[in-house]
Amino acid sequence: MNASAYDFTATGQPRLQGKRALITGAGSGIGSAIAELFAREGADLVLLDLTAAPAKAVGERLMETTGRRVMAVGADVSSSTQVDAAFAEALDAFGGLDILINCAGVNVFGDPLQTSEQDWRRCLDTNLTGAWHCIRAALPSMLAASYGHIVNIASVHGHKIIPGAFPYPVAKHGLIGLTRSLGIEYAARGIRVNSISPGLIMTPAAERYFQSCPDPEAERRHQAELLPCKRIGRPEEVAYAALFLAGDEARFINATDVLIDGGRSQIYHD
Ligand code: NAD
């Protein structure tokens, strides 16, 4: 497939002008930061979350501040029926999708032998199968247009193992595998699939983790101290990586993963 030369005269324009992006898990944390940045960079958005209400709240604010078209849909990504219905609604309203960001996810951390069948399924169904459901629903229209950029939000847990965090790393390793596999499968047909692996990022999910600790402040300080840069990451720092990977500037980047963890996963021993 031939690629035309980059139009450098477009520098200074919003980077996603005229693009249509669907973001899952958009009602909170990293997903809502991605929504905010994408709207500021000119994209029209479909915001998907478990219920439409949180995505709608984010969407209403963005429509007011950026003037972009934003639609909110409620769906559980682990249900293929709900995902198919949500994507049908989105495709009907927007006429197609250029970008899909799979950000919906849940922390399921425990001891392997104490993990119930229900928790195993909740973890795998949301963090891995959910992304596949969304990609499968987006692909036919992307393939028809020979254009589609997909970014999966994986995790540093998809690269390194923290004992006691089972089965979350299983799902995130799988999500990176899904990224590579589909990136190659559709590379010659105009589709790119990449993932981002964030380290600890200060979001409502991280806050819930800190609050579950006996001394949340001590745990917060401990986690920051473990990072080479001595601070916890911010959702917008992940959003900027997603903006790059979802845009045409990254069009030769495919089937790979970008670690964004302040360098922590490169340390062998302190
Ligand atoms: P968050 O809890 O703040 O936001 C996650 C959003 O996903 C919520 O709005 C939630 O309602 C939605 N969601 C959960 N299950 C869903 C389902 N089945 N269907 C549809 N929506 C669903 O979490 P966050 O910290 O912003 O995490 C976002 C993503 O980033 C997740 O995939 C998470 O695994 C990943 N991640 C987070 C961190 C971190 O430190 N915060 C680090 C690495 C990876």
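Data overview
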| read-out | value |
| --- | --- |
| Residue under evaluation TYR186, criteria (1) of a type in the set (Phe, Trp, Tyr); (2) within 20 Å of TYR168 (Cβ to Cβ); (3) touching a residue at least 24 places away in the same chain (Cβ under 8 Å), criterion not met | (2) |
| Matching entry among GLN82, GLN114 (being within 16 Å of the ligand (Cβ to nearest atom) and either over 23 Å from ARG40 (Cβ atoms) or of a type in the set (S, T, N, Q) (or both)) | GLN82 |
| Output for region 1-24, where each listed residue is of a type in the set (A, V, I, L, M, F, W, C) and surrounded by fewer than 24 Cβ atoms within 10 Å (Cβ to Cβ) | MET1, ALA3, ALA5, PHE8, ALA10 |
| Qualifying position, being closer than 22 Å to ILE196 by Cα, open to solvent by less than 40 Å² (accessible area, probe 1.4 Å) and within 16 Å of the ligand (Cβ to nearest atom), among GLY59, GLY42, GLY27, GLY105 | GLY27 |
| Tally of residues being more than 12 Å from the ligand (Cβ to nearest atom), among the charged types (D, E, K, R) and either open to solvent by less than 80 Å² (accessible area, probe 1.4 Å) or more than 29 Å from ILE23 (Cβ to Cβ) (or both) across region 221-240 | 3 |
| Residue under evaluation CYS213, criteria (1) closer than 21 Å to GLY158 by Cα; (2) among the hydrophobic types (A, V, I, L, M, F, W, C); (3) touching a helix residue (DSSP H, G or I) at 6+ places or on another chain (Cβ under 7 Å), criterion not met | (1) |
| Condition met for PRO169 (open to solvent by less than 60 Å² (accessible area, probe 1.4 Å) and in contact with a Phe, Trp or Tyr (Cβ under 6 Å, 6 or more places away or on another chain)) | no |
| Top-ranked residue in region 13-23 [being within 12 Å of LEU97 (Cβ to Cβ) and in contact with a Leu (Cβ under 8 Å, 6 or more places away or on another chain); ranked as nearest to the ligand (Cβ to nearest atom)] | ILE23 |
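The values are calculated or read from the model by the stated rules, or taken from the named source; none is laboratory data. Treat the numbers as computed from the prediction; the structure is a model and nothing was measured. Glycine also receives a Cβ, built like all others from the backbone with ideal geometry; neighbour counts cover every protein chain displayed. The area values use the complete protein model at the heavy-atom level, side chains included, leaving out ligands, DNA and RNA. Shrake-Rupley method; radii C 1.70, N 1.55, O 1.52, S 1.80 Å.
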